[in-house]
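Scroll down for the structure; my scribbles are underneath it.
The values are calculated or read from the model by the stated rules, or taken from the named source; none is laboratory data. Since we're looking at a predicted model, the values are computed, not measured. Note that each Cβ is placed from the backbone with ideal geometry, even for glycine, and that neighbours are counted across all protein chains shown.
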Amino acid sequence: MKKGEKAFVTIVKKYYTKEGRHDLAWRNTQDPYKIAVSEVMLQQTQVARVQEKYKEFLTLFPTVKKLAEAPLVEVLKIWTGLGYNRRAKFLKIMAETITKEQKGKFPNTVEELEKLPGVGHYTARAIATFAYNQPHVFIETNIRTVYMHHFFPESFELVDDKVLLPIIEATLDTENAREWYWALMDYGSYLKQSGIKIHRQSKQYIKQKPLKGSVREVRGALIKVLAQGPQTITALRKKIDFDTARYNTAIEQLVAEQLIEKKGNKYQILS
């Protein structure tokens, strides 16, 4: 490890020791199922919003088998408020796959994890690292912020993750990868809260569109109403007041993604 990299590691670990979020529930377990739940919930969602939902979700579905057996409508009902409802469906399908094909045993390699529905490059490595303490190289927005802030603080060009990944690998704590990534994520969150927005100089940065007025807002409203039971299109329009174009787009998307279906003259969560 180079001199600058050693100094960097010292800074990150010092911050984590004093200010780290040591009380997060998903950091006090090594159960791969519970960690998978947290990772899926945390995608594009703030930690504060996830904390209570995580506890509620695991109270209802404490094991991968319980989630696999649960009706989709019950899963979506508890998911309300987190947004991106496709994530809930992927999580349930993941549980079904593990229950049927793995006899309920969670995979412990990146290769096997990536075969699960809805599990991509990042999620597979995050689960393997946090559940099994395997030293994998991966990146997300807070990690990206930390490395860009320390190694490319005055870059006038967009920084590609391909440039950051070798540095991440060089500074990786191979003996305690789990805690090292926690430290990076906490330090990155602190930097962003301090007003450092250097992650916007990343080539991979995508500005999230506002929820208000979006099709995503309509989708969430539809799922929330339909989680209470089947509804006619007329009843839905009375309860959810959006313009026709966004409304129709949201309905079409949810049907195409097999989150909802139409039976007779009513829409309902897919059974």
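For segment 76-103, taking the residues that are among the charged types (D, E, K, R) and either in contact with a Pro (Cβ under 8 Å, 6 or more places away or on another chain) or free of Cβ contacts under 8 Å to residues at least 40 places away in the same chain (or both), the one that is surrounded by the fewest Cβ atoms within 10 Å (Cβ to Cβ) is identified as LYS103.
Residues in segment 35-52 that are under 26 Å from HIS121 (Cα atoms), without any contact (Cβ under 8 Å) to a residue 40 or more places away in the chain and out of contact with any helix residue (DSSP H, G or I) (no Cβ under 6 Å at 6 or more places or on another chain): THR45, GLN46, ALA48, ARG49, GLN51. Contact annotation: residue pairs with Cβ atoms under 7 Å, 6 or more positions apart or on different chains, pairing a residue in segment 104-124 that is farther than 17 Å from LEU67 by Cα with a partner that is acidic (Asp, Glu) and part of a helix (DSSP H, G or I), are THR123/GLU39.
What residue, of LYS55, LYS2, is loosely packed, with under 13 Cβ neighbours inside 10 Å, touching a helix residue (DSSP H, G or I) at 6+ places or on another chain (Cβ under 8 Å) and touching a residue at least 60 places away in the same chain (Cβ under 8 Å)? Steps first, please.
Working: LYS55 fails: touching a residue at least 60 places away in the same chain (Cβ under 8 Å).
None of the other options fit; the residue is LYS2.
Residues are listed down the side, and each one gets a yes or a no for (1) closer than 30 Å to TYR16 by Cα; (2) modelled with pLDDT of 90 or more; (3) under 20 Å from the mean Cα position of the chain (by Cα):
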| site | (1), (2), (3) |
| --- | --- |
| LYS197 | yes, no, no |
| GLY220 | no, yes, yes |
| LYS238 | no, no, no |
| ASP243 | no, no, no |
| VAL255 | no, yes, no |
| GLN268 | no, yes, no |
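I'm checking my understanding of the structure. Among residues of segment 110-142 that are among the β-branched types (Val, Ile, Thr) and outside any helix (DSSP H, G or I), which one is surrounded by the most Cβ atoms within 10 Å (Cβ to Cβ)? It would help to see each step written out before you state the result.
Within segment 110-142, the first condition is being among the β-branched types (Val, Ile, Thr), and the residues that meet it are 110, 119, 123, 127, 129, 137, 139, 141.
Then drop every residue that is not outside any helix (DSSP H, G or I), which leaves 119, 137, 139.
Values: VAL119: 24, VAL137: 15, ILE139: 19.
Looking at residues that are among the β-branched types (Val, Ile, Thr) and outside any helix (DSSP H, G or I), I get VAL119.
With respect to (1) over 26 Å from TYR267 (Cβ atoms); (2) assigned to a helix (DSSP H, G or I), the lone exception for THR29 is condition (2).
Would you please name the residue that is nearest to VAL119 (Cα to Cα), looking only at residues in segment 14-24 that are assigned to a helix (DSSP H, G or I) and in contact with a helix residue (DSSP H, G or I) (Cβ under 6 Å, 6 or more places away or on another chain)?
Of all residues in segment 14-24, those assigned to a helix (DSSP H, G or I) come to 14-19.
Filter once more, so that each one left must be in contact with a helix residue (DSSP H, G or I) (Cβ under 6 Å, 6 or more places away or on another chain): 15-16.
Numbers: TYR15: 31, TYR16: 28 Å.
Only one residue fits best here, namely TYR16.
Of all the numbered requirements in (1) touching a residue at least 60 places away in the same chain (Cβ under 8 Å); (2) closer than 29 Å to LEU191 by Cβ, VAL73 misses one, and that requirement is (2).
Is it the case that segment 57-75 has a residue that's closer than 30 Å to ASP160 by Cβ and not charged (D, E, K, R)? Please lay out each step first, then the result.
Step one: list which residues in segment 57-75 are closer than 30 Å to ASP160 by Cβ, which gives none.
No, segment 57-75 contains no residue that is closer than 30 Å to ASP160 by Cβ and not charged (D, E, K, R).
Quick one: in segment 250-271, which of the residues that are among the polar types (S, T, N, Q) and surrounded by fewer than 14 Cβ atoms within 10 Å (Cβ to Cβ) is farthest from GLU69 (Cα to Cα)? Please lay out each step first, then the result.
Going residue by residue through segment 250-271, those that are among the polar types (S, T, N, Q) are 253, 258, 265, 268, 271.
With the extra rule that they be surrounded by fewer than 14 Cβ atoms within 10 Å (Cβ to Cβ), the set shrinks to 258, 265, 271.
Details: GLN258: 18, ASN265: 28, SER271: 12 Å.
Ranking the qualifying residues of segment 250-271, first place goes to ASN265.
Pairing residues of segment 198-213 that are over 25 Å from PHE138 (Cα atoms) with residues that are of a type outside the set (Ser, Thr, Tyr) and assigned to a helix (DSSP H, G or I), at Cβ distances under 7 Å and at least 6 apart in sequence or on separate chains, gives LEU211/GLU217.
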